[in-house]
Amino acid sequence: MSTLYSFQPIVDNHAKILILGSMPGQASLAANQYYAHPRNAFWPIMAQLLQFNPDVSYAEKITALKSSQIALWDVLRSCHRIGSLDSSIEADTQTINDFQSFFSSHSNITHVFFNGGKAEACFKRHVLQANDLGLLRFTRLPSTSPANARLSFEDKCKIWHEMIHSAFGSDQPFQK
């Protein structure tokens with residue numbers, strides 16, 4: 001089994017929020033794009049939140065994130081996994097991205113949102129135990145994966161919007 005590698009973070013110096021996934025799925029790795037699976041709700045949720053057309057190019061989606069002070073990355077730098085499910089990630093093959101350097105370089109980030117439980121669990125197990133992350137706030141959001149069928153798109157969207165809006169408070173870089 002070959003080792004899978006995640007992408008570089010999408011971030012600029014103005015980011016206040018970091019959204020973390022666990023590891024890109026097969027469709028994302030093949031397209032070299034975050035959340036490329038056509039049924040993943042991430043980009044449709046972001047499109048509604050940030051008020052852009054969900055059919056814009058990947059580059060325009062990235063621009064919308066950055067201009068809204070949102071960074072995007074994955075907890076895992078590499079792992080072994082068959083398929084795309086988080087539950088298939090082999091625990092003893094996980095390596096973690098360098099969050100100490102990341103947070104040192106991006107000190108404006110105040111809130112970390114986890115796109116699902118696997119990202120949160122990996123971060124808490126491997127990152128929080130090894131780093132003093134001071135005043136950062138952490139929130140798990142429902143996974144946008146099509147495998148998470150417990151919630152409707154509308155319910156996921158509502159929760160994501162409420163939590164991200166609350167993190168920005170009155171400094172929201174986008175319209176509600």
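Go through Ser78, Ser68, Ser28 for me and flag whichever is surrounded by fewer than 19 Cβ atoms within 10 Å (Cβ to Cβ) and of a type in the set (S, T, N, Q).
Details: Ser68 fails: surrounded by fewer than 19 Cβ atoms within 10 Å (Cβ to Cβ); Ser28 fails: surrounded by fewer than 19 Cβ atoms within 10 Å (Cβ to Cβ).
So the residue among Ser78, Ser68, Ser28 that is surrounded by fewer than 19 Cβ atoms within 10 Å (Cβ to Cβ) and of a type in the set (S, T, N, Q) is Ser78.
Taking only the stretch 149-164 into account, find how many residues are of a type outside the set (Lys, Arg) and in contact with a helix residue (DSSP H, G or I) (Cβ under 8 Å, 6 or more places away or on another chain). Please lay out each step first, then the result.
Looking only at the stretch 149-164, we keep the residues that are of a type outside the set (Lys, Arg), and these are 149, 151-155, 157, 159-164.
Now restrict to residues that are in contact with a helix residue (DSSP H, G or I) (Cβ under 8 Å, 6 or more places away or on another chain): 151, 153, 157, 160-161, 164.
So the answer is 6.
Taking the stretch 1-31, which residues are at pLDDT below 95 and of a type in the set (S, T, N, Q)?
Ser2, Thr3, Ser6, Asn13, Ser22, Gln26, Ser28
With the requirement that a residue be surrounded by fewer than 19 Cβ atoms within 10 Å (Cβ to Cβ) and β-branched (Val, Ile, Thr), what does the stretch 31-58 give you?
The one that is surrounded by fewer than 19 Cβ atoms within 10 Å (Cβ to Cβ) and β-branched (Val, Ile, Thr): Val56.
Could you check the stretch 134-150 and list, in sequence order, the residues that are of a type in the set (A, V, I, L, M) and either out of contact with any Ser or Thr (no Cβ under 9 Å at 6 or more places or on another chain) or assigned to a helix (DSSP H, G or I) (or both)?
Leu141, Ala149
Would you be able to say whether some residue in the stretch 9-21 is without any contact (Cβ under 8 Å) to a residue 60 or more places away in the chain, of a type outside the set (Asp, Glu) and surrounded by fewer than 19 Cβ atoms within 10 Å (Cβ to Cβ)?
So in the stretch 9-21, the residues without any contact (Cβ under 8 Å) to a residue 60 or more places away in the chain come out as 12.
Next cut, of a type outside the set (Asp, Glu) only: none.
There is no residue in the stretch 9-21 that is without any contact (Cβ under 8 Å) to a residue 60 or more places away in the chain, of a type outside the set (Asp, Glu) and surrounded by fewer than 19 Cβ atoms within 10 Å (Cβ to Cβ).
On the basis of being of a type in the set (A, V, I, L, M, F, W, C), within 23 Å of Asp155 (Cα to Cα) and at pLDDT 90 or above, does Phe42 make the cut? Don't jump to the end; show me each part of the working.
Details: of a type in the set (A, V, I, L, M, F, W, C): yes; within 23 Å of Asp155 (Cα to Cα): yes; at pLDDT 90 or above: yes.
Considered against the rule, which asks whether it is of a type in the set (A, V, I, L, M, F, W, C), within 23 Å of Asp155 (Cα to Cα) and at pLDDT 90 or above, Phe42 comes out as yes.
Are there any strands (runs of 3 or more DSSP E) wholly within the stretch 1-84 with 3 or more residues that are under 15 Å from the mean Cα position of the chain (by Cα), and if so which?
Working: elements: 17-21, 70-74, 76-79.
Ranges flagged: 17-21, 70-74.
Please count how many residues of the stretch 121-136 are surrounded by fewer than 21 Cβ atoms within 10 Å (Cβ to Cβ) and either at pLDDT 90 or above or over 17 Å from Ala15 (Cβ atoms) (or both). Quick ask: steps written out before the conclusion?
From the stretch 121-136, those surrounded by fewer than 21 Cβ atoms within 10 Å (Cβ to Cβ) are 121, 124-136; that's our starting set.
Applying the additional criterion that residues be either at pLDDT 90 or above or over 17 Å from Ala15 (Cβ atoms) (or both) yields 121, 124-132.
Number satisfying all stated conditions: 10.
Here is a check on your reading of the model: is Gln100 under 22 Å from Gln8 (Cα atoms) and either modelled with pLDDT of 90 or more or surrounded by 14 or more Cβ atoms within 10 Å (Cβ to Cβ) (or both)?
no
Does Ser67 satisfy the condition of being under 24 Å from Lys158 (Cβ atoms) and among the polar types (S, T, N, Q)?
yes
The values are calculated or read from the model by the stated rules, or taken from the named source; none is laboratory data. Keep in mind the model is a prediction, meaning the values are calculated, not measured. Cβ coordinates were reconstructed from backbone atoms using ideal geometry, including for glycine residues, and neighbour counts include every protein chain displayed.
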